[in-house]
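Note sheet for the following structure.
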Amino acid sequence: MASETMIQNAKAFLQQESPDSKLNLYDHMCSVMHKILENRTPNSVDLLESLSQEVKTNKFAPPCDPSSDVRPASLEVELANVQNKLFEKPSEDAEPEPEDEVEMPLPDLMDTAHYFEQAGLGLGREETFRIFLALKNLVDTHTLQSVRFWGKIQGTEKNYIVAEVEYREGGEEEQEGEEEEGEESREEETDEAKEGDEDNLPTPDYKPPPVIPKEETGTGCNKKTYFVCNEPGTEWTKLPPVTPAQIVCARQIKKFFSGNLEAAVISYPPFPGTEINYLRAQIARISAGTHISPVDYYKFEEDDEDDSDGEGRDSFVENVEFEPPRVQELIDPSLSNWVHHVQHVLPQGRCVWVNPPLRQKLRTSKTKRRRKKEKSRTSLSQNTDLLY
């Protein structure tokens, strides 16, 4: 007969819990036997497997309360949590703004959206108000002189909300110097590489066209600065200045925006940059072609009246003496009462034409080397007539 110790060991073995179901065979068999004896199930030996499965099913316990929402948060919920910060009031401990602060650069976006609604256009009052709060957050974090909601560009994955701003004097970060230094260092590296390979490889006669310099910040296509974000409440990203090469290439290609500023722009001809540069180039083109106003609504500043340099004037102010024309004149099919108040982008990719100086890449040392090579080639051709 089995000893008491063997029985206890067997019972302990059957009471070991499964790591997956957290059940043990001893309790499970007891429950199955209790069910058979309680129901007096006939032919229980044939139904043992189904009875065992039924007992397991009845003992199933969900990992959490089924009445609670255990589903992962959707994109709408995550976006709502991000935009909830836009509606939070500033803390009482925050320092009050001084009374002598400059005028608020943010216009009344809701009032502008009201007029768009009269024409059946717009983004809706709710989204417009969220964009207004996002623009207010942009004003609070940057020293801006003026802010304007430029528009919304839809993408395949995400959308772009674009803000057009102007910095106050001395408020914009000086990034042009760093970019110019980077470009000069690249040019020096390419020149050094060419000089090192000149002794071993033949130099081609092709000379690439000179690079058209970009317009300075505050002039031409770079007159305004642009910030973008995917949704109101997300972080604003400043777009870099646009170059003439990017505008020229943007006119030749058609690409959908993805919503990712770091995405590559795969096209032909190849675009010089990523989607952040492509977006900036298209914004410059759209701004130059769609900004219109009634005649005499704006006037040039007094300092720009003398256009002796022949360059286009791009500084204008609102005419306080403007008298609005009649509606019949504004809807005239000839559009003679409407003008563009933004400079046109020339085929060169700039608003002001520039003739780039041709850089002299050939130095005296290089010319001497080439002359020596030409002399050696002529002497070789004279002595080896059989090779020709």
(request) Give the number of residues within the range 322-356 that are assigned to a loop (DSSP other than H, G, I, E, B), aromatic (Phe, Trp, Tyr) and in contact (Cβ under 8 Å) with a residue 24 or more places away in the chain. (result) 1
(message) For the range 254-296, give me each residue that is touching a residue at least 40 places away in the same chain (Cβ under 8 Å) and assigned to a loop (DSSP other than H, G, I, E, B).
(response) 256, 257, 258, 259, 260, 291, 295
(request) Residues being hydroxyl-bearing (Ser, Thr, Tyr) and open to solvent by 50 Å² or more (accessible area, probe 1.4 Å): count how many of those fall in the range 141-172. (result) 3
(message) Just the residues that are touching a Lys or Arg at 6+ places or on another chain (Cβ under 7 Å), under 27 Å from residue 347 (Cβ atoms) and surrounded by 15 or more Cβ atoms within 10 Å (Cβ to Cβ), please, taken from the range 247-274.
(response) 247, 250, 265
(request) Answer yes or no as to whether residue 355 is out of contact with any Gly (no Cβ under 9 Å at 6 or more places or on another chain), modelled with pLDDT of 85 or more, open to solvent by less than 80 Å² (accessible area, probe 1.4 Å) and polar (S, T, N, Q). (result) no
(message) Looking at the structure I just gave you, is residue 240 open to solvent by 30 Å² or more (accessible area, probe 1.4 Å) and either modelled with pLDDT of 90 or more or not in a loop (DSSP other than H, G, I, E, B) (or both)?
(response) yes
(request) List the helices (runs of 4 or more DSSP H) that sit entirely inside the range 1-107 and contain at least 2 residues that are in contact with a helix residue (DSSP H, G or I) (Cβ under 6 Å, 6 or more places away or on another chain), open to solvent by less than 100 Å² (accessible area, probe 1.4 Å) and modelled with pLDDT of 80 or more. (result) 25-39, 48-58
(message) When you check residue 292 against the structure, is it in contact with a Leu (Cβ under 6 Å, 6 or more places away or on another chain) and among the β-branched types (Val, Ile, Thr), yes or no?
(response) no
(request) Please list, ordered by first then second residue, the pairs with beta carbon atoms under 7 Å, 6 or more apart or interchain, first in the range 103-124 and under 21 Å from residue 141 (Cα atoms), second at pLDDT 85 or above and of a type in the set (Ser, Thr, Tyr). (result) 105/146; 109/128
(message) Against the condition surrounded by 12 or more Cβ atoms within 10 Å (Cβ to Cβ) and modelled with pLDDT of 85 or more, how does residue 323 come out, does it pass?
(response) no
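The values are calculated or read from the model by the stated rules, or taken from the named source; none is laboratory data. Since the structure is predicted, the reported quantities are computational estimates derived from the model, not experimental observations. Quick reminder, even Gly has a Cβ in these numbers, built from the backbone with ideal geometry, and neighbours come from all protein chains shown. What goes into the accessible areas is simple: the full protein's heavy atoms, side chains included, and nothing from ligands, DNA or RNA. Shrake-Rupley method; radii C 1.70, N 1.55, O 1.52, S 1.80 Å.
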